[in-house]
Amino acid sequence: MKNLSIERNPVPLEARKVVKAYPLGHAETRALDGVDLRIEPGEFVAVMGPSGSGKSSLLNLLVGLDRPTSGEVWVEGRALSTLDEDGLTALRRTRVGVIFQAFNLLPGLSAQENVELPLRAAGTSRQAASQRARAMLERVGLAERCGHRPDELSGGQAQRVAIARALVIEPLIVVADEPTGSLDSENGSGVLRLLRQLNDERGVAVLMVTHAPAAAAYADRIVTMSDGQVVGEERPRADQPVLVHALA
Ligand SMILES: Nc1ncnc2c1ncn2[C@@H]1O[C@H](COP(=O)(O)OP(=O)(O)O)[C@@H](O)[C@H]1O
Ligand SMILES: [Mg+2]
């Protein structure tokens, strides 16, 4: 008999023995040197570590933007090595929300159109995409800004649009590389509170790379990297019960 709780709560993301080597002249740089990482359903994990420790390399592999030299990544139990480029693109469009430091919104489109885009790309009807994008923008506090283009928004607002775009596909996990890196502290903490709220209320897992201890403090678990390896792990909210969210 199938285990229903596993059916309903697949592990959103897992990396095992992941190595990434970049060629460097006749030698190579080992950006990642055997990383094991598993994100549980609904968990909020921060990845910290000095510049050059491999954080961005790891995120790129986890969302299938790059392939490991060896080792394997699973998204919802599916090995990424079994997918071709189209399969990886489809996975990012439908299963994993990605948030970048520089927002990466399309400049010629309104906030509303930016948020509709992943839905349209995944085949959602125009009308349904419009309604869902609108509702998501309301949730991130931008109901009044739907028609604005990115250059008409503040940095904090632009990152909220990017969060709406990542979450509108209802992913099991969102992956964010330095999401507050381009923001002042007030806008940065607004974005972190929003991510934490969405994590709490929707059960979406969050994997966030950050330099800032204050940002990492929003996480359930902090993973520290150094020289391409995971060298430490702590639970800043260890006093609180672990939340295992039931996903409908
Ligand atoms: N595309 C690339 N080609 C060659 N070396 C790279 C590339 N990307 C990253 N590196 C190297 O891999 C290491 C880890 O980089 P990165 O993953 O960007 O670290 P972080 O995000 O923690 O600053 C660094 O030594 C960096 O110079
Ligand atoms: Mg980086």
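Here are a few things to note about the model shown:
- Identity of the residue in region 194-216, without any contact (Cβ under 8 Å) to a residue 60 or more places away in the chain and small (G, A, S), that ends up farthest from R237 (Cα to Cα): A212
- Per-region count, region 13-50, residues away from ligand 1 (no atom under 16 Å from the Cβ) and either modelled with pLDDT under 95 or aliphatic (A, V, I, L, M) (or both): 2
- With a requirement of 1 or more residues that are surrounded by fewer than 19 Cβ atoms within 10 Å (Cβ to Cβ) and of a type in the set (S, T, Y), the helices (runs of 4 or more DSSP H) lying completely within region 116-211 that satisfy it span 126-139, 185-202.
- Of all the listed residues (R78, R67), the sole one being within 16 Å of ligand 1 (Cβ to nearest atom), in the same structural domain as H211 (by TED's automatic domain parsing) and farther than 25 Å from E201 by Cα is R67.
- Just one of the numbered conditions (1) in the same structural domain as L37 (by TED's automatic domain parsing); (2) in contact (Cβ under 8 Å) with a residue 60 or more places away in the chain is not true of F100: (1).
- In a residue-by-residue description of region 40-49, the property of being more than 16 Å from ligand 2 (Cβ to nearest atom) and over 20 Å from E233 (Cα atoms) applies to no position.
- Taking region 65-81 as the range and being more than 16 Å from ligand 2 (Cβ to nearest atom), closer than 19 Å to K20 by Cβ and surrounded by fewer than 22 Cβ atoms within 10 Å (Cβ to Cβ) as the test, the residues that pass are R67, T69, S70, G71, E72, W74, A79, L80, S81.
- Within region 123-136, residues that are closer than 15 Å to A164 by Cβ and free of Cβ contacts under 8 Å to residues at least 60 places away in the same chain sit with their Cβ atoms under 7 Å from residues that are among the aliphatic types (A, V, I, L, M) and part of a helix (DSSP H, G or I), at 6+ positions apart or across chains, in these pairs: A129/L119; R132/L119; A133/V115; A133/L119; M136/V115; M136/A164; M136/L167.
- Flag for V18 being farther than 30 Å from R132 by Cα, surrounded by 18 or more Cβ atoms within 10 Å (Cβ to Cβ) and in contact with a Pro (Cβ under 8 Å, 6 or more places away or on another chain): yes
The values are calculated or read from the model by the stated rules, or taken from the named source; none is laboratory data. Since this is a predicted model, take the numbers as computed values, not measurements. All Cβ positions, glycine included, derive from the backbone under ideal geometry; neighbour counts span all protein chains shown.
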